[in-house]
Number of protein chains: 2
Amino acid sequence: MPKVTFLPSGVEVDVPPGENLLRAAMLAGLHVNASCGGAGVCNKCKVLLEAGEARGERLPDGGWKACATVPAGDVQVRIPVESEMDRRALARPRRAAAWIQAGEGRAEWPVAPLVQKTFLTLPAPTPQDNVSDLYRLRRELAQGELADVALEVDPPVLYTLAETLRADDWRVTVSLRGHLGVPAPPRLIRVEAGDTTGAHAAVAVDIGTTTVSAELVDLATGAVLAEVSDYNPQVSYGEDVISRMEFARKGDGLAVLQRKVVERLNGLVRELFQQAELSPDRLSLITVGANSVMTHFLLGLDPRHLRMKPYTPVANHFPAFRGRDIGLHVAPHVRVYLAPCVASYVGGDIVAGVVGVGLQREEALTLFIDIGTNGEIVLGNRDWMACAACSAGPAFEGGGIRHGMRATTGAVELVHVHPETHEPMVLTIGGRRAKGICGSGIISLLAGLFTSGAVDPQGKFRRDLATPRIREGRDGWEYVVVEAEATATGEDIVFTEVDIENLIRAKGAMFAGYLTLLESVGMTFEDLDRVVLAGNFGSYLDLEQAITIGLLPDIPRERFFFAGNASLLGARSAAVSREAAAEQHRVAQMMTHFDLSDNPQFMQHYMSSLFLPHTDAALFPSVGGGAA
Amino acid sequence: MPKVTFLPSGVEVDVPPGENLLRAAMLAGLHVNASCGGAGVCNKCKVLLEAGEARGERLPDGGWKACATVPAGDVQVRIPVESEMDRRALARPRRAAAWIQAGEGRAEWPVAPLVQKTFLTLPAPTPQDNVSDLYRLRRELAQGELADVALEVDPPVLYTLAETLRADDWRVTVSLRGHLGVPAPPRLIRVEAGDTTGAHAAVAVDIGTTTVSAELVDLATGAVLAEVSDYNPQVSYGEDVISRMEFARKGDGLAVLQRKVVERLNGLVRELFQQAELSPDRLSLITVGANSVMTHFLLGLDPRHLRMKPYTPVANHFPAFRGRDIGLHVAPHVRVYLAPCVASYVGGDIVAGVVGVGLQREEALTLFIDIGTNGEIVLGNRDWMACAACSAGPAFEGGGIRHGMRATTGAVELVHVHPETHEPMVLTIGGRRAKGICGSGIISLLAGLFTSGAVDPQGKFRRDLATPRIREGRDGWEYVVVEAEATATGEDIVFTEVDIENLIRAKGAMFAGYLTLLESVGMTFEDLDRVVLAGNFGSYLDLEQAITIGLLPDIPRERFFFAGNASLLGARSAAVSREAAAEQHRVAQMMTHFDLSDNPQFMQHYMSSLFLPHTDAALFPSVGGGAA
């Protein structure tokens, strides 16, 4: 990795190949004014190349646009200092983000999927050996590794069997699917002509309330071949699960919601194969991580009792569904495996996530935090697990935030606020003109504004600062993150006090959840060996910033791991490994669920958490009380 | 049972209650002229009541119509003697039919069907016990007899589960289906509100090439609640399996044949429930006995390799199919279980029949003979079995016989030919005007004409007899069975020399088959402990007559059993008992198949059998060589 040395501070940083100098500065914790997010239009991010080679865009005065310049090797870069304020800002770089990718700490699953492909060469029939086509196949299977196997046969297999066996001179590949949770023999679900053992793929899906993400996984190697994601189109019928369950009660509401998500899945599956330039014929199975309500909707199960006391789902552990039976445009052999749920608000996404990061394998006490449209937490290790839902709301997915958006191209994903000028350094996903602000950007903004003193511990903007970026807008006080001329929308992108209120409530609910679960087992933050954060943030979620706003506890940084979309990670594990899929069911059964909705301790902790970072400053020793 | 004493012969016979005097005479082996089959129109069957009471129709001269008169208790009945010929005929009654119903020798299956219903009362959910609906059910099952059972769940169950559990205050009946041939846990296929353990029925079906028969079986008791049968509508596309396979090859022929038989099944199932005045909702499963080709057609499997060397079926053992998946109008939980086949021409009908009569349980050496559209035979006992198909053709089902028909109302089912006048005594099914002649009638006619000397050992009519019933007709020489004025069609019903030729070829193929199988294991007819005859004949198939024409071997009569439609019997066993269903698979696997189609010994035996009863008179010591 090229090393970039920034002057005058002398801070050095190793940057991934291809990374531009603006991102390098952000990684180094240094501030460079930049409004357009890296789209190359604001021309504010000028730097000077003092040593080494780089490729990029020059400014008329000989400087380089940091957002459009990539080092070709080790370089020395000077950030121009315009004022004493800048000099002071540069002299104390922030601590660099200290995430450890959860994958690093997690043992990989051996590639041994629920559906296995085996290549066979059968003897051709003769008058002396004219057994049935099916028996000929079974006999060969019984002679191989699958000796003595009793076999179930999927009826559709029979319709093409005769033709398929004869298509490539009695050379065939069979797909056998294993069972989960029941001691049953494998099931013959597919027979293909020739050797197709290499053409074996799964689609792993996370169906979030807001976003549906999917990966195409090569089941021969375990490699991810393509990734896509898009909104959950059910959003049009309700932002959150409650309003969607309400919609489902009326008329054919349930059918509409089911169809919508299945249509989206059909589209994503098609896209995945197009992106990977592979035939959809490779698809052997689909694995899904989804919360309880999304799981009900995907299957078309009525969730009416999920929203009424005492909140009972139809099921938590689901049988494998035939994709076709729920409307997926897939071959008849393709089954959909759903991660099991634990309770109404602790669903398969959490169970998949926990198994995805390997919590159930470790002795280390882990706090698993999933921040999605709601917030769910799991505390435990390989011996026990407690879980709870925190009703945190969708703020960290951009919900209820004026310019909130998903973590896709054009989303502001990382912001640094100049500690004295309050000018922002904005990075967008893909370096495009900003369209809105995603989860990591929101955390970043709130932390930056709080650290710079622009926002006080109650979450209010200081009205007395000499910056045009803080102003009174339509919804009250707000901060201009990106001016209209640098956005994709032609409108200012702002961050309002109402947004901040929503964020503080959301992080407060999460923090109150951690405290309540820990107390329930007589533990404190000090006992935690690991904290794993999962969620659909941008790729540059900043750990320090998340601690600064009180979303995460203030404990040694090396204990933090970032899992990204853990539900999708878990779905991928289940696709690749039948052991991982089986572990999901074991984990769902071992989790003890705590209902926080009428827990008085939770309410008390929640009220104390509606402050930046917290009313109890002793919980956040490393975070100051606002501007220095 | 009322006893009828016939005068002047003094022959006595016990008759089933409600049986008329014409049938009583036939049972006694006595001849009474009767042309109309019991329809009461020919007025030939006059008898005199000498003692006892009877209900029936009187003739103007004070006599009674035997066909319309039922004894009210013990009676003495005089058959008027018109001539010395009659007197001689009456003086030597034929031996009575000596069939033992195969059911008598067969151990009953305990009622324990593949689908079991269990009634459960669940605790209602509370905030402290808000597990999922499915888990609540599983938990209860695990506490009962099904402790520790791992359970598979049919996805459709989930769609109505929440509603059903709550419909009758958490009292439900679950249906669990077992697996055949694989060690797998039961599958939850249905949940109904309340206690429906008594509302549990199966439909057992025999799909013959010519006829489809079905029974409604009460799975709580094992009782047969209704029976129906009708033509196989595929007959319109070919009389035999070869021509239907030819039809299936062209265009959508296969789909047409599949649809036709499924439509028929849908109709028969509807009829069964109407007849029994029960809701079709009771249906839990369907079991089928059918030959290999009919099985392929029912499932819509292409039988093209069945008709080409080396004659390989797609499969012999079939997984349970969902009724809906093959077009049946049944609930989603209803599976169709098919009796397994052995070879192209020894199908599930034979396997079902063998298990239905319990051949596999006995040490006794049994020859099982099924005379359907083709003839199949099985030789063996509980330790070994050999089987073969004889290509006998459909003559005994009425195929290739000018006035042949199925064994339904109006079919001539039993005939006695006066040994001197050659006048017939005709009984029809249901005592209606004759429409044609069914299997038992055909055997009866040929035996009667042969015994009376009207037909010689080569199967030709004697041209020199002084009876108007033998005449030269359109197709050569023929015998008038029923004159036009007494038939339902208004045309003479005749029996031709061409019919006789076909019959002799058919019985010759069967007999050659017995000999070939016996020889293959070094045995003779003397070694047989039992002969079980199965087939869709009328209910009065006469054993002596069948031996007389050489269709059955001339061995002690007490060794013969009559099973009727054994395939249907076997389907019923499999419906009532999962053990019987499992036995079908074991039996199919233990059968050794002999291909007679190019077997030189078979051809030699066949040529020798084209004679009445056989060229080797030593094989039929008790049968004379024709007219006395």
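Can you confirm whether B:Asp302 is open to solvent by 50 Å² or more (accessible area, probe 1.4 Å), within 14 Å of another protein chain (Cβ to nearest Cβ), farther than 20 Å from B:Ala566 by Cβ and in a helix (DSSP H, G or I)? Outline the logic, then answer.
Details: open to solvent by 50 Å² or more (accessible area, probe 1.4 Å): yes; within 14 Å of another protein chain (Cβ to nearest Cβ): yes; farther than 20 Å from B:Ala566 by Cβ: yes; in a helix (DSSP H, G or I): no.
No; evaluated as a whole, the condition is false for this residue.
So that you can scan it fast, the table gives a plain yes or no per residue for (1) in a helix (DSSP H, G or I); (2) over 30 Å from B:Ala199 (Cα atoms); (3) hydroxyl-bearing (Ser, Thr, Tyr):
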| residue | (1), (2), (3) |
| --- | --- |
| B:Ala571 | yes, no, no |
| B:Ala574 | yes, no, no |
| B:Ala581 | yes, no, no |
| B:Phe611 | no, yes, no |
| B:His614 | no, yes, no |
| B:Ala618 | yes, yes, no |
| B:Pro621 | no, yes, no |
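Looking at (1) within 32 Å of the chain's Cα centre (by Cα); (2) crowded, with 22+ Cβ neighbours inside 10 Å, which is the only condition A:Lys3 fails?
(2)
Those residues that are touching a strand residue (DSSP E or B) at 6+ places or on another chain (Cβ under 6 Å) and assigned to a strand (DSSP E or B), I need them from region B:32-48; list them, please.
Hits for region B:32-48 are B:Ala34, B:Val47, B:Leu48.
I want to confirm something. Restricting to region B:144-157 and keeping residues that are modelled with pLDDT under 70 and under 19 Å from B:Val182 (Cα atoms), which single residue is nearest to the other protein chains (Cβ to nearest Cβ)? Break it down into steps so the answer makes sense when it comes.
Residues of region B:144-157 that are modelled with pLDDT under 70, as a first pass: B:144-150.
Filter once more, so that each one left must be under 19 Å from B:Val182 (Cα atoms): B:146, B:148-150.
Working: B:Leu146: 13, B:Asp148: 11, B:Val149: 9, B:Ala150: 4 Å.
The selected residue is B:Ala150.
Inside region B:370-446, counting only strands (runs of 3 or more DSSP E) that do not spill past its ends, which hold 2 or more residues that are modelled with pLDDT under 95 and farther than 28 Å from B:Ala352 by Cα?
Working: elements: B:375-380, B:385-389, B:411-417, B:424-428.
Correct list: B:411-417, B:424-428.
Among the residues of region A:466-496, write down those that are of a type outside the set (Asp, Glu) and open to solvent by 40 Å² or more (accessible area, probe 1.4 Å).
The first filter runs over region A:466-496 and keeps only residues of a type outside the set (Asp, Glu), leaving A:466-471, A:473-474, A:476-477, A:479-482, A:484, A:486-490, A:493-496.
A:Ala466, A:Pro468, A:Arg471, A:Arg474, A:Trp477, A:Ala488, A:Thr489, A:Gly490 - these are the residues of region A:466-496 that are of a type outside the set (Asp, Glu) and open to solvent by 40 Å² or more (accessible area, probe 1.4 Å).
Which one of the conditions (1) in the same structural domain as B:Pro600 (by TED's automatic domain parsing); (2) modelled with pLDDT of 90 or more; (3) more than 20 Å from B:Cys390 (Cα to Cα) does B:Met510 fail to meet, given that it meets all the rest?
(3)
Could you please find all residues in region A:549-568 being open to solvent by less than 20 Å² (accessible area, probe 1.4 Å) and part of a helix (DSSP H, G or I)?
Listed by number, the residues that qualify are A:Ala566, A:Ser567, A:Leu568.
I'm trying to understand the selection: among the residues of region B:418-451, which are more than 26 Å from the chain's Cα centre (by Cα) and open to solvent by 10 Å² or more (accessible area, probe 1.4 Å)?
Within region B:418-451, B:Pro419, B:Glu420, B:Thr421, B:His422, B:Glu423, B:Thr451 qualify.
Can you say whether A:Val256 is in contact (Cβ under 8 Å) with a residue 12 or more places away in the chain and surrounded by 23 or more Cβ atoms within 10 Å (Cβ to Cβ), as far as the supplied structure shows?
On the way: in contact (Cβ under 8 Å) with a residue 12 or more places away in the chain: yes; surrounded by 23 or more Cβ atoms within 10 Å (Cβ to Cβ): no.
Spelling it out, it is not the case that A:Val256 is in contact (Cβ under 8 Å) with a residue 12 or more places away in the chain and surrounded by 23 or more Cβ atoms within 10 Å (Cβ to Cβ).
Among the residues of region A:165-183, what is the count of those that are more than 8 Å from chain B (Cβ to nearest Cβ) and either crowded, with 21+ Cβ neighbours inside 10 Å or not in a helix (DSSP H, G or I) (or both)?
Qualifying residue count for the region: 13.
If B:Asn316 satisfies all but one of (1) more than 19 Å from B:Val587 (Cβ to Cβ); (2) buried (at least 22 other Cβ atoms within 10 Å of the Cβ), what's the number of the condition it fails?
Looking at each condition in turn, B:Asn316 falls short on (1).
For region A:43-61: of the residues being of a type outside the set (Val, Ile, Thr) and open to solvent by less than 30 Å² (accessible area, probe 1.4 Å), which is farthest from A:Arg433 (Cα to Cα)? Please lay out each step first, then the result.
Let us first name the residues in region A:43-61 that are of a type outside the set (Val, Ile, Thr), namely A:43-46, A:48-61.
Add one more test, that the residue is open to solvent by less than 30 Å² (accessible area, probe 1.4 Å), and what stays is A:45, A:54, A:59.
Numbers: A:Cys45: 15, A:Ala54: 23, A:Leu59: 19 Å.
Only one residue fits best here, namely A:Ala54.
Within region B:212-221, identify whether any single residue is touching a His at 6+ places or on another chain (Cβ under 6 Å) and either under 29 Å from B:Glu376 (Cα atoms) or outside the structural domain of B:Asn565 (by TED's automatic domain parsing) (or both), and answer yes or no.
If we filter region B:212-221 for residues that are touching a His at 6+ places or on another chain (Cβ under 6 Å), which is where we start, we get B:219-220.
With the extra rule that they be either under 29 Å from B:Glu376 (Cα atoms) or outside the structural domain of B:Asn565 (by TED's automatic domain parsing) (or both), the set shrinks to B:219-220.
Looking for residues that are touching a His at 6+ places or on another chain (Cβ under 6 Å) and either under 29 Å from B:Glu376 (Cα atoms) or outside the structural domain of B:Asn565 (by TED's automatic domain parsing) (or both), one finds at least one in region B:212-221, hence yes.
Mind telling me which of the residues A:Ala276, A:Ala255, A:Ala201 ends up being within 14 Å of chain B (Cβ to nearest Cβ) and modelled with pLDDT of 95 or more?
Numbers: A:Ala276 fails: within 14 Å of chain B (Cβ to nearest Cβ); A:Ala201 fails: within 14 Å of chain B (Cβ to nearest Cβ).
Among A:Ala276, A:Ala255, A:Ala201, only A:Ala255 is within 14 Å of chain B (Cβ to nearest Cβ) and modelled with pLDDT of 95 or more.
Of everything in region B:124-143, what is facing chain A (nearest Cβ under 7 Å) and in a strand (DSSP E or B)? Give them in sequence order.
B:Thr126
When you check A:Leu328 against the structure, is it at pLDDT 95 or above and crowded, with 24+ Cβ neighbours inside 10 Å, yes or no?
Details: at pLDDT 95 or above: yes; crowded, with 24+ Cβ neighbours inside 10 Å: no.
Against the criterion (at pLDDT 95 or above and crowded, with 24+ Cβ neighbours inside 10 Å), A:Leu328 does not qualify.
Is it the case that A:Ile549 is without any contact (Cβ under 8 Å) to a residue 60 or more places away in the chain and β-branched (Val, Ile, Thr)?
Details: without any contact (Cβ under 8 Å) to a residue 60 or more places away in the chain: no; β-branched (Val, Ile, Thr): yes.
No; evaluated as a whole, the condition is false for this residue.
Quick check: anything in region A:606-626 over 14 Å from A:Lys507 (Cα atoms), of a type in the set (S, T, N, Q) and surrounded by fewer than 16 Cβ atoms within 10 Å (Cβ to Cβ)?
Yes; the residues of region A:606-626 include at least one that is over 14 Å from A:Lys507 (Cα atoms), of a type in the set (S, T, N, Q) and surrounded by fewer than 16 Cβ atoms within 10 Å (Cβ to Cβ).
Kindly provide the set of residues from region A:317-329 that are touching a residue at least 60 places away in the same chain (Cβ under 8 Å) and within 20 Å of A:Gly348 (Cβ to Cβ), ordered by number. So that I can check it myself, show each step before the final result.
Within region A:317-329, the subset touching a residue at least 60 places away in the same chain (Cβ under 8 Å) is A:317, A:320, A:326-329.
Those that are touching a residue at least 60 places away in the same chain (Cβ under 8 Å) and within 20 Å of A:Gly348 (Cβ to Cβ): A:His317, A:Ala320, A:Ile326, A:Gly327, A:Leu328.
Of the conditions (1) open to solvent by 10 Å² or more (accessible area, probe 1.4 Å); (2) away from every other protein chain (no Cβ under 14 Å); (3) of a type outside the set (Val, Ile, Thr), A:Gly353 clears all except one; give me its number.
In the conditions (1) open to solvent by 10 Å² or more (accessible area, probe 1.4 Å); (2) away from every other protein chain (no Cβ under 14 Å); (3) of a type outside the set (Val, Ile, Thr), A:Gly353 misses (1) alone.
Just give me the residues in region B:305-318 being over 17 Å from B:Ala352 (Cβ atoms) and at the interface with another protein chain (Cβ under 7 Å from one of its Cβ atoms), in sequence order. Reasoning before the result, please.
In the first step, residues of region B:305-318 are kept if they are over 17 Å from B:Ala352 (Cβ atoms); the result is B:305-312, B:314.
Residues satisfying the conditions are B:His305, B:Lys309, B:Pro310, B:Tyr311, B:Thr312, B:Val314.
Taking the stated definitions as given, is B:Thr295 within 13 Å of chain A (Cβ to nearest Cβ) and in a helix (DSSP H, G or I)?
Details: within 13 Å of chain A (Cβ to nearest Cβ): yes; in a helix (DSSP H, G or I): yes.
Judged against the criteria, B:Thr295 is a match.
Run down A:Asp499, A:Asp527 and say which single residue is at pLDDT 95 or above and buried (at least 23 other Cβ atoms within 10 Å of the Cβ).
Details: A:Asp527 fails: buried (at least 23 other Cβ atoms within 10 Å of the Cβ).
Step by step, each of A:Asp499, A:Asp527 is checked, and only A:Asp499 is at pLDDT 95 or above and buried (at least 23 other Cβ atoms within 10 Å of the Cβ).
Looking at B:Val336, is it surrounded by 24 or more Cβ atoms within 10 Å (Cβ to Cβ), within 11 Å of chain A (Cβ to nearest Cβ) and assigned to a strand (DSSP E or B)? Break it down stepwise before answering.
Values: surrounded by 24 or more Cβ atoms within 10 Å (Cβ to Cβ): yes; within 11 Å of chain A (Cβ to nearest Cβ): yes; assigned to a strand (DSSP E or B): yes.
Yes, satisfied.
In the set B:Glu544, B:Glu501, which member is part of a helix (DSSP H, G or I) and without any contact (Cβ under 8 Å) to a residue 60 or more places away in the chain?
Values: B:Glu544 fails: without any contact (Cβ under 8 Å) to a residue 60 or more places away in the chain.
None of the others qualify; the one that does is B:Glu501.
So, A:Arg361, is that one within 14 Å of chain B (Cβ to nearest Cβ) and open to solvent by 10 Å² or more (accessible area, probe 1.4 Å) or not?
no
Scanning for something part of a strand (DSSP E or B) and either without any contact (Cβ under 8 Å) to a residue 24 or more places away in the chain or within 32 Å of the chain's Cα centre (by Cα) (or both), does region B:15-29 turn up at least one residue? Spell out the reasoning first.
Step one: filter region B:15-29 for residues part of a strand (DSSP E or B), giving none.
There is no residue in region B:15-29 that is part of a strand (DSSP E or B) and either without any contact (Cβ under 8 Å) to a residue 24 or more places away in the chain or within 32 Å of the chain's Cα centre (by Cα) (or both).
The values are calculated or read from the model by the stated rules, or taken from the named source; none is laboratory data. Everything quoted here is computed from the prediction, not taken from an experiment. Every residue, glycine as well, gets a Cβ built from its backbone with ideal geometry; the counts of neighbours run over all protein chains shown. Just the protein is used for accessible areas: all its heavy atoms, side chains included, with ligands, DNA and RNA removed. Shrake-Rupley method; radii C 1.70, N 1.55, O 1.52, S 1.80 Å.
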